[in-house]
Amino acid sequence: MPIDRSRIYEDGPLPALLRHEQAMLSSILDGVFGVWGLHLRPHREAPSVLPAHLLSSVVNLASNGGGSLEGDARCQPQHLPFASESFKLVVAQHILEQAPNPEEIAEELGRVLAAEGIALIFGFNPASLWRPWLAGRLPETWQFSAASRWRDVLSRSRLDVLQVRYSGLWSPWARALEREEASPAPPTWQRPLGRFCGSWLLLARKRRSALTPLRLAAVRADLKLNPNFVPGAHRECA
């Protein structure tokens, strides 16, 4: 019987893993201050609620499965309709993996992230048992790569990876995943399996530019944290 790919985000192991990824951000978001954040989700049916945070507002966009993002705006992931350095926080759940040219998307995430802003990038761990399970349920174009590969991609976009973390159980068949989400700490026997968990998280910070602007007063107005649409982008809005 063929797998219904349209329903894998509604119930079962995958949405449980995505919720676990979002839950593990709680301690990180406590230290991020700012006005605007950006949350990119792998599918419009994927869980969308982030833990409590100190940002005023979060722009929410999700992949429609056809290469575009929908939600608070409609756009291509490599052409986000926001001004440069608009967001203090960017959370991208399994967005780079879907793109044929992830370098372009990484560059765009680096563009809209404010200097010293935080980028949280999730990806599926190819060293876990999730890979064969996902391979039969997600499009063949998805790229399952180790965190080290994406670290290099982000570095070229002025995003310095500060830490790599792993989340979720090592198997999609482990029914304890839902219970683990509410547990303050995983059992002792799970801890050595960190590098074999279902997904990884890259915590990165955007480097400040080494160039000194000649007209600082004139440029400062363009760097305010306000996700205004760039000229000509309003027609892309949902």
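FYI, it's all coordinate maths here, none of it is from the lab. These numbers were taken from a predicted model, which means no experiment stands behind them. With ideal geometry, Cβ positions are generated from the backbone for all residues, glycine too; neighbour counts draw on all protein chains shown.
For L40, what charge total do you get from the other residues with a beta carbon under 12 Å from its beta carbon, if Lys and Arg give +1 and Asp and Glu give -1? Can you show the working numbers first?
On the way: positive: R41, R44; negative: E70, D72, E97, E108.
Computed value for this residue: -2.
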| field | Distance between modelled label sites at S68 and S27, nm, 7 Å Cα→Cβ extension | value | 4.1
| task | Return W133, W173, W36, W150 ranked ascending by Cβ neighbour count within 10 Å, so the fewest neighbours appear first. | result | W173, W133, W36, W150
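Would you mind ranking C197, C75 so that the residue whose beta carbon has the fewest other beta carbons within 10 Å leads the list? Walk me through the numbers on the way to the answer.
Values: C197 23, C75 20.
Lowest to highest Cβ neighbour count: C75, C197.
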| Can you give the % of DSSP beta bridges in the stretch 16-208 that are antiparallel, to the nearest 5? | 55
| query | If you plug each phi of the stretch 135-143 into the Karplus form 6.51 cos²θ - 1.76 cosθ + 1.60 with θ = phi - 60°, what whole-Hz ³J(HN,Hα) values come out, in order, with x for Gly and Pro? | reply | 4, x, 10, 9, x, 5, 6, 5, 10
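What is the packing order of peptides 8-17, 155-164, taking the mean over residues of other C-beta atoms within 10 Å and listing the highest first?
Output ranking for 8-17, 155-164: 8-17, 155-164.
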